[in-house]
1. Please work out which one of (1) farther than 25 Å from LEU185 by Cβ; (2) open to solvent by less than 60 Å² (accessible area, probe 1.4 Å); (3) of a type outside the set (S, T, N, Q) is the condition LYS31 fails and give its number.
2. Scan segment 70-86 and report the pairs whose first residue is part of a strand (DSSP E or B) and whose second residue is among the aromatic types (Phe, Trp, Tyr) and open to solvent by 10 Å² or more (accessible area, probe 1.4 Å), with Cβ atoms within less than 7 Å and a gap of 6+ or a chain change.
3. Hey, can you tell me all the residues within segment 48-63 that are aliphatic (A, V, I, L, M) and either more than 15 Å from ligand 2 (Cβ to nearest atom) or crowded, with 20+ Cβ neighbours inside 10 Å (or both)?
4. Considering only segment 162-180, state which residues are more than 16 Å from ligand 1 (Cβ to nearest atom) and of a type in the set (Val, Ile, Thr).
5. Output yes when any residue across segment 1-23 is open to solvent by 10 Å² or more (accessible area, probe 1.4 Å), over 13 Å from SER213 (Cβ atoms), aliphatic (A, V, I, L, M) and not in a helix (DSSP H, G or I), and no when none is.
6. Going by the conditions given, is THR40 closer than 30 Å to PRO237 by Cα and crowded, with 24+ Cβ neighbours inside 10 Å?
7. Scan segment 78-88 and give yes if some residue there is open to solvent by 20 Å² or more (accessible area, probe 1.4 Å), at pLDDT 95 or above and farther than 24 Å from ASP136 by Cβ, otherwise no.
8. Does any residue in segment 27-55 that is part of a loop (DSSP other than H, G, I, E, B) come within less than 6 Å, Cβ to Cβ, of a residue that is of a type in the set (Gly, Ala, Ser) and open to solvent by 10 Å² or more (accessible area, probe 1.4 Å) six or more places away or on a different chain, and which pairs are these?
Amino acid sequence: MEYRLTADYHTHTRYSHGKGTIEQNVIAARKRGLKRIAITDHGFNHIGIGMRLKDIDRMRREIDGLRKKYDDIEILFGIEANLISMEGDIDIPQEYIGVFDIILMGFHKAVMPFSFKDGWRLLLKNALCSAVPLCDRDRLRYDNTMAMIRAMERYPIHTITHPGAKIDIDTRLLAKHAVKYKVFLEINSSHGFMTEEYVRIAMEEGALFVINSDAHTPENVGNMARGLMIAQRAGVPPDRILNSQDFLY
Ligand SMILES: [Zn+2]
Ligand SMILES: [Zn+2]
């Protein structure tokens, strides 16, 4: 299978815990010949590293300036939002939803939950369950998946980042709903635990994918070797990968 990727929809900068500036990421993407890049720093509730609401205007202006400076690449202002409740809340205040060109959403452990109860059910229970043998893992997996599905129902989410990483989910059920809500599932190139099996199961449900670098340094922007390898091994047709030149939808 031949894939020609033309975009990277998941990159971090110093506005969360990436190492480079927005411009350095853009330059790196151009060097790799990409036609589109999204700047997607971590959501506001990410403890210690999340984007700050007060930086939004500055980031938007910076990106607008870079769009004028580099007319050979499209730059999207995005965010990698966090799932913060069982009801599918994400960590973007409603009035800021429209600010972003693209909203990615994923599960991360170090976040401020929506409420104390969500902290227990979403964060602590998942952490404990991996250590406690008597835990009802099937129930937990189902609840986690439903929380993600509710987020897709409630917000204009473009992509679920690294599904199944850091939290147990029912891939088949998630993929079914991702198709329903036209949400892409990410094949992430940075997370070691992303498996071909997940991609195969999601593919059976008709899911569409996006391969991203999840770069935290400019050097890694557009480095999607691992994601490509997984897609290849799972036999994903290029026309089902959003950032492939052959994407048909
Ligand atoms: Zn992530
Ligand atoms: Zn990320």
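The values are calculated or read from the model by the stated rules, or taken from the named source; none is laboratory data. For clarity, every value in this text was computed on a predicted model and none was experimentally measured. Cβ atoms come from the backbone with ideal geometry, glycine included; neighbour counts cover every protein chain shown. SASA here: full protein model, heavy atoms, side chains in, ligands and nucleic acids out. Shrake-Rupley method; radii C 1.70, N 1.55, O 1.52, S 1.80 Å.
1. Of everything listed in (1) farther than 25 Å from LEU185 by Cβ; (2) open to solvent by less than 60 Å² (accessible area, probe 1.4 Å); (3) of a type outside the set (S, T, N, Q), LYS31 misses just condition (2).
2. Close Cβ pairs (under 7 Å, with a partner that is among the aromatic types (Phe, Trp, Tyr) and open to solvent by 10 Å² or more (accessible area, probe 1.4 Å)) amount to PHE77/PHE100; GLY78/PHE100; ILE79/PHE100.
3. Answer for segment 48-63, where residues must be aliphatic (A, V, I, L, M) and either more than 15 Å from ligand 2 (Cβ to nearest atom) or crowded, with 20+ Cβ neighbours inside 10 Å (or both): MET51, LEU53, ILE56, MET59, ILE63.
4. Passing the criteria: THR171, VAL179.
5. So far as segment 1-23 goes, yes, one or more of its residues are open to solvent by 10 Å² or more (accessible area, probe 1.4 Å), over 13 Å from SER213 (Cβ atoms), aliphatic (A, V, I, L, M) and not in a helix (DSSP H, G or I).
6. yes
7. Looking for residues that are open to solvent by 20 Å² or more (accessible area, probe 1.4 Å), at pLDDT 95 or above and farther than 24 Å from ASP136 by Cβ, one finds none in segment 78-88, hence no.
8. From segment 27-55, the pairs are ARG32/GLY222; LEU34/GLY222; GLY43/GLY50; PHE44/GLY50; ILE47/ALA110; ILE49/SER16; MET51/SER16.
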